[in-house]
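Note sheet for the following structure.
The values are calculated or read from the model by the stated rules, or taken from the named source; none is laboratory data. Owing to the predicted nature of the structure, the values given are computational and were not obtained by experimental measurement. Every residue, glycine as well, gets a Cβ built from its backbone with ideal geometry; the counts of neighbours run over all protein chains shown. Only protein heavy atoms, including side chains, enter the accessible area calculation; ligands, DNA and RNA are left aside. Shrake-Rupley method; radii C 1.70, N 1.55, O 1.52, S 1.80 Å.
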Amino acid sequence: MSFSSLISRSKPKHRAADKVAELKRQLKDQQAETVSAFGQLIGAADTIATLQHQLADVRAKRAEAERIVTCLDADLRERTEELEQALARIHQLQTQLAPILAAEANANAVTVPPAERDTSRFEDQATEPIKVTTLWAALGIGPVITTQGSTNPAHLPT
């Protein structure tokens, strides 16, 4: 038996070298996370700058749009007022013009005597009205009654 076999080789619970290796690994992980977070921070800063620029553009466009809407509203109000005045003037002129138009229409009325058709020629002979009747009346027959396969006269409807 050897002396080394008598000593059990169990893993030591608290070795300083293991703790140092673990701390180094944690430091590397934290450094990697820090680099990643720094990259995200730079990306976020770029995104914020872009968004702030876009916000400024949107605000400028909104101010311009509000100015245009205000001008268009004022123009619309002016045009509406002009339209109402023009419609009132048209109504006034129609009222004044109506009697004149009626007098002119009466003075220039086209009057034609009732027409009489010359039927002396053969081609112009008047035709007599067309007699329209049902086929039953024209042929002198009554409605068709179905016998439903029966030959008994008592069974037929009247």
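Brief remarks on what is shown
- Within region 135-158, the set of residues being modelled with pLDDT of 75 or more and either touching a Ser or Thr at 6+ places or on another chain (Cβ under 6 Å) or open to solvent by 90 Å² or more (accessible area, probe 1.4 Å) (or both) comprises Leu135, Trp136, Leu139, Ile141.
- Here Leu23 fulfils each of the conditions (1) open to solvent by 70 Å² or more (accessible area, probe 1.4 Å); (2) at pLDDT 90 or above apart from (2).
- Where a residue in region 123-136 is without any contact (Cβ under 8 Å) to a residue 40 or more places away in the chain and its partner, wherever it lies, is basic (Lys, Arg), with Cβ under 9 Å and at least six apart: Asp124/Arg117; Ala126/Arg117
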